[in-house]
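One structure is given here, and the rest of the page talks about it.
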Amino acid sequence: MAAPAASAKPGPDFVAVSVLSNTVEALEQHRLVLDVGRELLGMYRHPGQFVQAKRRAEDKPGFFAIASAPITAEAGQDGQEAGLELLLKASGPVAESLCRLQAGDTIWISQPMGQGFRLESVPPADYPSILLFATGSGISPIRALIESGALRGRRSVRLYYGARTPEHMAFAGSIAAWGARHGVSVVPVFSSEGAGYVQHVFARDEDAAAGAAGTAAVLCGRREMTQEVTQILKGRGVDAILLNY
């Protein structure tokens with residue numbers, strides 16, 4: 001007797017929500033704020049989580065990291081209450097269609113998915129120094145992490161943030177606040193200026209991983225960057241490396 005066919009793994013449920021605003025955040029990037037309701041916001045618990053999103057119910061969805069901080073007591077004034085934010089790079093049919101949305105339009109999204117960045121695995125007492133790495137729209141979950149307040153209590157937090165040009169740097173207007181409110185030192189890396197990419201700048205920064213036993217790292221961005229930075233980190237003795245997948 002033949003074994004019964006395995007049932008397909010069910011996909012996520014999608015709900016229709018309204019667009020509150022769609023603004024140009026940086027060159028080729030849009031900041032979409034969605035009115036998702038308190039229940040769905042409550043399902044978003046960890047910076048680094050993502051949603052699937054699509055323009056119409058019958059469309060194929062894309063995967064987008066959430067750019068706003070979860071609503072938590074630690075988030076304080078930076079906690080996101082107006083809506084859920086996505087940073088969309090206008091590349092590919094799904095993202096391009098979402099970038100054309102206007103306030104009042106409908107978008108279909110899943111509930112927040114993924115484990116996110118689990119900072120509880122690198123407590124401040126054991127890891128007083130945090131290195132952050134982001135390229136392009138990979139700044140989305142890093143921004144959520146910073147503004148969640150989850151990095152408070154660290155002795156040192158440094159962000160290597162790569163973009164093609166200053167005009168391509170999303171959330172550039174928040175960098176000063178990241179330093180003042182959250183103690184994050186930002187190292188901007190613009191590939192158009194000849195300095196190379198994030199991994200190249202970090203490789204030349206020999207003091208960045210001083211005291212490696214007490215240093216953890218959080219990465220999000222292009223695969224080449226995450227792979228090369230991971231190799232450098234491990235070579236310097238940093239093995240507490242967090243990704244959001």
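The values are calculated or read from the model by the stated rules, or taken from the named source; none is laboratory data. Since we're looking at a predicted model, the values are computed, not measured. Reconstructed Cβ throughout: ideal geometry from the backbone, glycine too, with neighbour counts over all protein chains shown. Accessible surface areas use protein heavy atoms only, side chains included; no ligands, DNA or RNA. Shrake-Rupley method; radii C 1.70, N 1.55, O 1.52, S 1.80 Å.
Key figures
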quantity: Rounded to the nearest 10 Å², the accessible area of residue 224 at probe 1.4 Å; calculated: 100 Å²
quantity: Packing-based ranking, highest mean first, of 59-69, 168-178 given that Cβ atoms within 10 Å are counted; calculated: 59-69, 168-178
quantity: Pairwise Lys count, the chain - Cα closer than 25 Å, eight or more residues apart or different chains; calculated: 4
quantity: Accessible surface, 1.4 Å probe, highest first, among residues 127, 197; calculated: 197, 127
quantity: Read-out P(r) over Cα pairs in 5 Å bins from 0, in percent, derived from the coordinates shown; its label in (1) 1, 5, 12, 15, 17, 16, 15, 11, 5, 2, 0, 0; (2) 1, 6, 14, 19, 21, 19, 12, 6, 1, 0; (3) 1, 6, 13, 17, 19, 16, 11, 8, 4, 2, 1, 1, 0, 0; calculated: (3)
quantity: Ordering of 214-223, 132-141 by packing [mean C-beta count within 10 Å, highest first]; calculated: 132-141, 214-223
quantity: Cα centre as origin, Lys/Arg/Asp/Glu Cβ charges: the chain dipole, Debye; calculated: 260 debye
quantity: Ellipticity estimate at 222 nm from DSSP helix runs (n ≥ 4, -39,500 (n - 2.57)) divided over the chain, nearest 500; calculated: -5500 deg cm²/dmol
quantity: In Å², nearest 10: area of residue 35 left accessible to a 1.4 Å probe; calculated: 80 Å²
quantity: Mean Kyte hydropathy of -1.0 or more with a Cα span along the axis of at least 24 Å, helices from DSSP in the chain; calculated: none
quantity: Label-point separation, residue 156 to residue 227 (7 Å along Cα→Cβ), nm; calculated: 2.9 nm
quantity: Diffusion coefficient, µm² s⁻¹, Stokes-Einstein with Kirkwood Rh over alpha-carbon pairs of region 75-176 at 25 °C and 0.890 mPa s; calculated: 154 µm²/s
